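Structure record follows, encoded as structure tokens.
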Amino acid sequence: FEARLEAILDNAADAILTVDADGMVVSANAATARLFGYPVQHLIGLPFGSLVPAGVDGEARAQLTRLSQSGADDCVLDGRNARNEVFPLSISVAPVRIGSDQLFVCILRDLTEQQRSQERIYRLAHHDVLTGLENRVALNARLEQQLASARRHKEPAAVLFIDLDHFKKINDSLGHAAGDKLLVGAAERMKDLLRNVDTLARLGGDEFIIVLAGPLTPDSVSGVAVRLVESLSQPYQLNGHTAHSGASVGVALFPDDGEDAGTLLRHADMAMYAAKREGRNNFQFFSPAMNAATHEHLLLENRMWSALSAEGFELHLQAQVALDTGRVIGAEVLLRWHDSELGAVEPSRFIPVAEESGMIVPLGDWVLARTMALLAEWQREGLDHLRLAVNLSARQFSGGSLIERLDELVAHYGIDPALLELEITESAAMRDPENTRQLLRQLRTRGFKLAIDDFGTGYSSLAYLKLFAIDRIKIDRGFVKDIEHNPNDAVIVAATIGLAHSLGLTVVAEGVETQAQWGFLRDKRGDEAQGFLFARPMPAAEFREFIRRQAQTVPDA
């Protein structure tokens, strides 16, 4: 029987040993030998405390009895093996009396792998896989701890919200592997600038949070922000390509800008967006005015969604005329909004909100659909000699679905694509010149007229215009308004007209308001113009009447 019992114990997966009342090992199975690294015969007679030091730190019988009466199935203690290595194990103890001898049967299990698995699970739950930084879950806990410490010690703290500039463009153009490498590189640069007491976390995407611990001053926080912007603006080497990113940083201070984690994060986020509006690659401290601006932003966004679903927007048209005759040849489509609560809302107020929120895409789609519907009406009324020009937002132009949507609308309304002119700004065209070139060629093939708007305000050149399949350029009103008094503007406008004509492009001058401007542009052989001299923007119904009266109201040059 004893041999059979010994064989059973030696084949057990758990370490099983017996300890006497003096704390000495009197028997052990093979698993115990493997667990502690001793031969079985060497285990016999060893003090149990040499294997589990914390298990027997006093009188052996009392300690083993305490373990057996702990009320738990097992306890977690540290074991020490033959190599003097400490490792975690679970232990359960059961008292056994054999005759007059008090013995304790101990079952032990190595918890090393279990703890490692738990640590891995914890790390996955609390850290970003790509960068190794703490994630949103860990950040919330760390920020709460930091604020609690700041309250106790009456010290300030700072939250910095970092958004990498141009990340999406780099990710889309160079690939996700390059984008990941940029994120890892940016994280390493930020870590190098921080102290051990500071917290750096990745929220997701290209957004990061830094929590600076006290003692701090606004100047010391500014110093950190400056170094962040400088470091993150240095070029990255990404799989054989040099890429430039930069960062927009928003700063909120505890307790001045908020006394809880949620408020500080929200205000730092607002300040980050203010940095983006200031041209990116800079930092901004939160101010109460930003809070008001955010409320305004949310109000406008909500009202715009309501207006879009309730047909609250309206198209106005501003006439475009031939410079040599003053005859109307078409119009630019302009979006107007009169809200029942806010009254007339200027485009300069609601368009930036639409662009920032992404609402510019459905709004731009609405404009395209209404414009084509209007062209279809004009065709039926015999006004099919007039074209309409629509400005495409950068998001519309680069969103990937423009061609498909235009094809759908043309088929639905049955219009001639040549009557619709699509305008993109110079800066939008230059975001990705190669993509712009390909997309413009596809649009040109379908018969649409194409124009570069606000020419002279961005970064393009006539060399690029030669590559772009466009029909006309629109000279920005900023150059036109001073051509009578500013020789430089006059030279620029005249040279632009001449060079554009050499490339076979038509030139449209915006913002013409005086007879002298009209005369100058006509003398320089400009092609077309629009401005208050000819007509202010007006609703479509009024524009029809304007066309009918136009023959009698052409001003004399």
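Dipole orientation for the chain: of the candidates GLY49, MET270, SER149, MET270 has the Cα lying most toward the positive pole (charges on Cβ; Lys, Arg +1; Asp, Glu -1).
In terms of the mean number of neighbouring beta-carbon atoms within 10 Å, the peptides 130-140, 77-87 order highest first as 130-140, 77-87. Counting other Cβ atoms within 10 Å, keep those with at most 16, restrict to DSSP loop, and tell me which trypsin sites (Lys or Arg not before Pro) in the range 323-399 are left. Counting only loop positions with at most 16 other Cβ atoms within 10 Å, the trypsin sites (Lys or Arg not before Pro) in the range 323-399 are ARG327. Compute the angle between helix 540-553 and the longest alpha-carbon principal axis of the chain, please, reported from 0 to 90 degrees and rounded to the nearest 10. Tilt of helix 540-553: around 30 degrees. Annotation: for a label point projected 7 angstrom from Cα along Cα→Cβ of ILE547, residues of the range 380-403 with backbone N closer than 19 Å are 380-391.
Relative protection proxy for 248-256, 293-301, 17-25, from highest mean packing down: 248-256, 17-25, 293-301 (other beta-carbon atoms within 10 angstrom).
From the coordinates of this entry, Cα extents along the principal axes in Å is computed, and it appears in (i) 68, 62, 50; (ii) 140, 58, 49; (iii) 127, 53, 50 under the label (iii).
For the range 127-286, the Cα gyration tensor yields ellipsoid semi-axes of 27, 16, 13 Å (square root of five times each eigenvalue, largest first, whole Å). The count of lysine pairs in the chain whose Cα atoms are under 16 Å apart, excluding pairs fewer than 8 places apart on the same chain, comes to 10. Phi-derived couplings, Karplus 6.51 cos²θ - 1.76 cosθ + 1.60 at θ = phi - 60°, listed residue by residue for the range 253-266: 10, 9, x, 4, 9, x, 10, 9, 4, x, 5, 5, 5, 5 Hz, with x used for Gly and Pro.
We did not get these values from a lab; they are worked out from the coordinates using the rules stated. Just so it is clear, the structure is predicted and the values come from calculations on it, not from any experiment. For neighbour counting, all protein chains shown are included, and Cβ atoms are generated from backbone atoms with ideal geometry for every residue, glycine included.
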